[in-house]
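Read through the structure below, which is laid out as structure tokens, and then see the notes.
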């Protein structure tokens, strides 16, 4: 079945470090890919999405490019801040009405 | 102001009891959902409703029953509570289907079953 695999557990960085959280997917066709972010005490919120090969999604300095060749949608940010501390989820949907398939989440910890 | 209101924010229950989690959304969306988040499963889809009709149920247990009395309400009744039910339950909504539409989540109801 369809699945999403992302960087396990947590990533600890210092402020101004470069961030990469890996996300690889398994699905046929062209699923829509998502990145959601969940801050402490809140529900997840959409960061951005992409639905075509080579499409770049971006928001708040974060970006990811849909790559069908490598079945990836890696999240990157050039310079992280303490306020970016959160859990990041990669997700996919193979169909417009299908339920989202979620990755396991990656906790980003920014050391001041 | 929060657009999706979940009540209560925290609740403690004893094993075998019953609780109802309340969700109201003021975004004018047609679709609503319940998700569960625990240490075992980071984000687990439970139910989806569209125009007050059940569209998808991924919950194995009949102890979990969604109830939609109005278009913008989707409550979750949980009966015969077990310690394993301890989790944060999130209500969400979207204008379109989950797959292409943006999901909006509430702040969650954290349930602890003793």
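The values are calculated or read from the model by the stated rules, or taken from the named source; none is laboratory data. Quick caveat: nothing in here was measured; it's all calculated off a predicted structure. No Cβ is skipped: glycine too gets one built from the backbone with ideal geometry, and neighbour counts run over all protein chains shown.
Yes or no, residue by residue, for (1) in a loop (DSSP other than H, G, I, E, B); (2) buried (at least 17 other Cβ atoms within 10 Å of the Cβ); (3) more than 14 Å from chain A (Cβ to nearest Cβ):
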position	(1), (2), (3)
B:28	yes, no, yes
B:61	yes, no, yes
B:66	no, yes, yes
B:77	no, no, yes
B:98	yes, yes, no
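Among strands (runs of 3 or more DSSP E) lying entirely in region A:37-92, which contain 1 or more residues that are without any contact (Cβ under 8 Å) to a residue 60 or more places away in the chain and within 14 Å of chain B (Cβ to nearest Cβ)?
Values: elements: A:45-50, A:56-59, A:62-65, A:75-77.
Where strands (runs of 3 or more DSSP E) fall fully within region A:37-92 and carry at least 1 residues being without any contact (Cβ under 8 Å) to a residue 60 or more places away in the chain and within 14 Å of chain B (Cβ to nearest Cβ), they are A:45-50, A:56-59.
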Provide a single number: the residues in region A:11-32 that are at pLDDT 95 or above and part of a strand (DSSP E or B).
-> 11
Residue check for residue B:46: within 13 Å of chain A (Cβ to nearest Cβ), assigned to a strand (DSSP E or B) and farther than 24 Å from residue A:47 by Cα | no
Failed item in (1) under 21 Å from residue A:81 (Cα atoms); (2) surrounded by 14 or more Cβ atoms within 10 Å (Cβ to Cβ), with residue A:15 passing the rest | (2)
Hey, residue B:1 without any contact (Cβ under 8 Å) to a residue 40 or more places away in the chain and more than 30 Å from residue A:4 (Cβ to Cβ) or not = yes
For residue B:6, are the conditions met, namely being over 24 Å from residue A:51 (Cβ atoms) and at pLDDT below 95?
-> no
With (1) more than 26 Å from residue A:32 (Cβ to Cβ); (2) facing chain A (nearest Cβ under 10 Å) as the list, and residue B:111 as the residue in question, which single condition is left unmet?
-> (2)
Restrict the check to region B:81-90 and report whether at least one residue is under 22 Å from residue A:34 (Cα atoms), more than 10 Å from chain A (Cβ to nearest Cβ) and touching a residue at least 12 places away in the same chain (Cβ under 8 Å).
-> yes
In region A:27-53, residues that are exposed (fewer than 14 other Cβ atoms within 10 Å of the Cβ) and more than 21 Å from residue B:97 (Cβ to Cβ) total 4
